[in-house]
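> Before I ask anything, here is the structure I am working with.
A short reminder: the numbers here are calculations on the coordinates, not readings from a lab. None of the values given here were measured: they were computed from a predicted structure. Backbone-built Cβ (ideal geometry, glycine too); neighbour counts: all protein chains shown.
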């Protein structure tokens with residue numbers, strides 16, 4: 001098994017002048033070759049070694065997706081140090097927790113995050129140096145006691161050393177079992193924990209994925225998702241680098257369509273929320289066009305798909321969805337139109353992909369089959385075969401950093417307990433039914449999966465999103481009842497219903513929920529319905545932070 005460093009070195013040796021990263025600088029696309037990325041990574045390694053960073057030391061990376069992020073990451077892990085990627089959308093205490101918990105010695109960031117960093121430094125005792133992109137342009141300059149240095153100035157200073165026989169990059173190599181990343185879970189259930197993921201974890205996962213989706217050197221991956229997340233890192237960075245392919249970085253979600261037309265990607269790695277937004281645009285365009293609607297009814301959706309693909313650069317051959325459940329109806333609809341969409345499943349702790357619907361074996365509504373080298377079992381199945389999904393494989397994390405209790409809880413007999421409930425059918429396809437911690441058990445002992453109820457509710461065109469929660473009625477001695485918090489889709493309501501008062505909107509949402517759940521078992525239907533007009537709080541991968549919400553038991557039943 002190779003290390004991440006060796007993966008980059010191999011591709012750079014085979015395709016030194018081929019483009020690996022494409023990004024925009026001052027409105028112009030700039031291409032970085034494999035040779036250039038390798039050299040820049042070596043410079044970062046030298047900077048760290050000169051600063052006294054040793055194998056096993058933690059180095060934090062707190063910034064948006066960029067070419068700098070990629071070269072910095074490779075530079076960190078190439079000398080056996082541990083990268084600590086931090087979600088660029090986190091603020092204050094959340095960043096402080098990760099920096100403190102990881103005991104990071106160096107922090108790489110950019111001037112855009114200076115104010116957050118400045119407030120944190122009074123409470124941080126492990127950070128010895130802060131390396132900021134464009135620090136030399138700051139006016140007024142940052143206070144000297146913060147220890148801030150300019151990224152490019154350091155890179156220039158290291159450039160002369162990387163060719164020397166005793167360069168850090170040349171003399172220090174990580175092991176397969178070395179920790180490469182300390183990735184903090186997105187925290188849908190509370191304070192994040194740092195998953196220790198090794199070079200073996202990531203490389204085994206990327207190489208297994210290559211067998212499932214047939215990545216080619218000619219592929220161009222569009223990078224939309226944040227690289228601090230394991231899904232984006234493995235599927236959108238390590239996988240294309242291992243294949244010797246290209247990666248094109250979008251400027252922002254607003255410019256995604258324009259950037260796709262310019263870069264002509266062949267592979268899109270996405271989360272369901274992004275696909276749902278694209279789908280809404282597609283359906284709106286079809287609804288406006290009498291011809292488009294007729295073509296779909298006649299089963300000639302591929303003609304429409306061709307026009308859609310043309311708008312997305314004209315070369316998209318594969319879309320992979322992960323990180324959260326995707327609507328099976330969307331998958332069926334897009335596949336019917338000739339758009340190749342595949343759904344996978346995994347979690348941070350497994351680097352991250354466990355299953356995928358392959359190009360040859362695809363069953364929408366499931367999350368696919370186990371990838372090569374991964375063994376899945378169902379723990380404590382009920383009479384329907386539903387139980388907790390457990391995983392074994394080279395991709396399973398080492399454990400949680402400095403948290404033996406949490407590590408012991410997530411492993412049983414050497415297998416990692418995912419916390420997800422599901423079943424495996426006779427063909428080996430895994431279906432996820434819900435989260436173990438989200439499971440609602442009513443007074444009759446019946447299991448209710450919130451995700452199932454939400455899937456019905458969210459089909460309403462007037463409901464933007466919902467979260468189904470269990471609650472205990474003050475008069476009940478045991479069991480939980482079902483409640484829901486729903487957010488109206490104001491744009492859809494205005495378009496189809498005209499201008500309504502808040503009370504009218506709330507009434508519409510309540511009636512819609514009752515309409516949408518009428519075909520499911522009575523015991524699964526929400527007894528209490530709450531309507532809120534603000535979108536639900538989410539993690540960076542668009543998962544709802546359920547722990548932030550609770551049903552108001554004082555409210556009258558629906």
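> Taking the simple approach of a point 7 Å from Cα along Cα-to-Cβ for both residue 255 and residue 441, what is their distance in nm?
About 5.3 nm separates the two model spin labels.
> Spin-label point model (7 Å from Cα, Cβ direction): what's the residue 54 to residue 277 distance in nm?
According to this spin-label approximation, the distance is 4.6 nm.
> So how far, in whole Å, is the C-alpha centre of the range 523-557 from the one of the range 119-165?
So the separation of the two Cα centres works out to 44 Å.
> Based on the Cβ-Cβ distance from residue 39 to residue 97, what FRET efficiency comes out when R0 is 35 Å, to the nearest 0.05? Show your work: numbers first, answer last.
Working: r = 35 Å, r/R0 = 1.00.
E(calc), rounded to 0.05, equals 0.50.
> Quickly estimate the mean residue ellipticity at 222 nm for the chain, helices only: each DSSP H run with n ≥ 4 gives -39500 (n - 2.57), and the total goes over all residues, rounded to 500.
On the way: 19 runs with 185 residues, N = 558.
Taken over the chain, the calculation gives -9500 deg cm²/dmol.
> Right, something else. Would you kindly state how much longer the chain becomes between residue 310 and residue 335 on full extension, computed as 0.36 nm times their sequence separation minus their alpha carbon distance, in nm to one decimal? Numbers along the way, then the final one.
Numbers: separation 25, 0.36 × 25 = 9.00 nm, distance 1.66 nm.
Answer, rounded to one decimal: 7.3 nm.
> Then there is this: What do you get for the angle between helix 199-213 and the principal long axis of the chain? Use alpha-carbon atoms, 0 to 90 degrees, nearest ten.
The helix 199-213 is inclined about 60 degrees to the chain.
> Follow-up question, since we're still on this one. Taking square-rooted eigenvalues a ≥ b ≥ c of the alpha carbon gyration tensor, is the chain rounded, prolate or oblate, where a/c under 1.5 means rounded and, failing that, a/b exceeding b/c means prolate? Mind showing how you got there, number by number?
Details: a/c = 1.64, a/b = 1.45, b/c = 1.13.
It is prolate, given that a/c is not under 1.5 and a/b is the larger ratio.
> Okay, next question. Tell me the angle of helix 67-77 to the major Cα principal axis of the chain, expressed in degrees between 0 and 90 and rounded to the nearest ten.
It is inclined by approximately 70 degrees.
> While we're looking at this one, here's another question. Compute the long axis of helix 301-311 from its Cα atoms, compare it with the longest principal axis of the Cα atoms of the chain, and write down the angle in degrees, 0 to 90, nearest 10.
Once rounded, the angle reads 40 degrees.
> Say each of residue 177 and residue 384 gets a label point 7 Å from the Cα, pointing the same way as Cα to Cβ; how far apart are those two points in nm?
4.2 nm
> What ranking do 539, 234, 501 get, fewest neighbouring Cβ atoms within 10 angstrom at the top?
Working: 539 18, 234 26, 501 8.
The most exposed by this proxy come first: 501, 539, 234.
> Something else: Among DSSP bridges having both ends in the range 16-174, what percentage is antiparallel? Round to the nearest 5.
Details: 6 of 22 bridges.
Counting DSSP beta bridges with both partners in the range 16-174, the antiparallel share is about 25 percent.
> Among 465, 454, which comes first, then next, by fewest other beta-carbon atoms within 10 Å? Walk me through the numbers before you get to the answer.
Working: 465 18, 454 21.
Ordered by Cβ neighbours within 10 Å, fewest first: 465, 454.
> Counting only DSSP beta bridges with both residues in the chain, tell me the antiparallel percent, nearest 5. Kindly include the intermediate steps, with their values, before the conclusion.
Working: 45 of 82 bridges.
Bridges in the chain that DSSP calls antiparallel: roughly 55 percent.
> Obtain the radius of gyration and the Kirkwood radius of the range 247-436 from its C-alpha atoms and give Rg over Rh.
Values: Rg = 19.2 Å, Rh = 18.4 Å.
Looking at the range 247-436, the ratio lands at 1.04.
> Neighbour counts of other C-beta atoms within 10 Å: give me 1, 337 arranged from fewest to most. Intermediate results must be reported in sequence, preceding the final value.
On the way: 1 13, 337 21.
Fewest to most other Cβ atoms nearby, the residues stand as 1, 337.
> Quick one: of the DSSP bridges fully inside the range 439-548, what percent are antiparallel, nearest 5?
Details: 11 of 15 bridges.
Taking every DSSP beta bridge with both residues in the range 439-548, the antiparallel ones total about 75 percent.
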